[in-house]
1. Output the residues belonging to the stretch 37-49 that are of a type outside the set (Val, Ile, Thr) and either in contact with a helix residue (DSSP H, G or I) (Cβ under 7 Å, 6 or more places away or on another chain) or exposed (fewer than 10 other Cβ atoms within 10 Å of the Cβ) (or both).
2. Scan (1) part of a helix (DSSP H, G or I); (2) at pLDDT below 85 for the single condition PRO37 breaks and write down its number.
3. Can you say whether ALA60 is at pLDDT 95 or above and of a type outside the set (Phe, Trp, Tyr), as far as the supplied structure shows?
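The values are calculated or read from the model by the stated rules, or taken from the named source; none is laboratory data. Since the structure is predicted, the reported quantities are computational estimates derived from the model, not experimental observations. Methodologically, a virtual Cβ is constructed for each residue, glycine included, from the backbone with ideal geometry; neighbour enumeration extends over all protein chains shown.
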Amino acid sequence: MKALSAFTKLGLFAFILVMLNEVMSHSMWAVSSSNPPSTVDFALSLYGDEWAIATVILGALLAMAMVGASYLVRDERLINLIWDMGGEES
């Protein structure tokens, strides 16, 4: 089991190194532009024609995750419910 765990960690480390190498060797890093994109350009690209539906779907999924997390965090044991109501257990 420890060998499998070590092999997984080594594989993950190698994967991250390969991904970093691929990202850093992209031609986009060699181009130096005099006018970098602004926040308005970012907003237009995020909410433009291509990414509008994906952004709405992602927002809905994140909202459902927040509701689910808040439901799972609730503590409904009897002693806590009685304490919340200000009474004592009889």
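1. Quick first cut of the stretch 37-49, residues of a type outside the set (Val, Ile, Thr) only: 37-38, 41-49.
SER38, LEU46, TYR47, ASP49, listed by residue number.
2. (1)
3. Considered against the rule, which asks whether it is at pLDDT 95 or above and of a type outside the set (Phe, Trp, Tyr), ALA60 comes out as yes.
Here is a yes/no grid of residues against (1) of a type outside the set (Gly, Ala, Ser); (2) surrounded by 10 or more Cβ atoms within 10 Å (Cβ to Cβ):
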| site | (1), (2) |
| --- | --- |
| LEU4 | yes, no |
| LEU12 | yes, yes |
| ALA30 | no, no |
| ASN35 | yes, no |
| TRP51 | yes, yes |
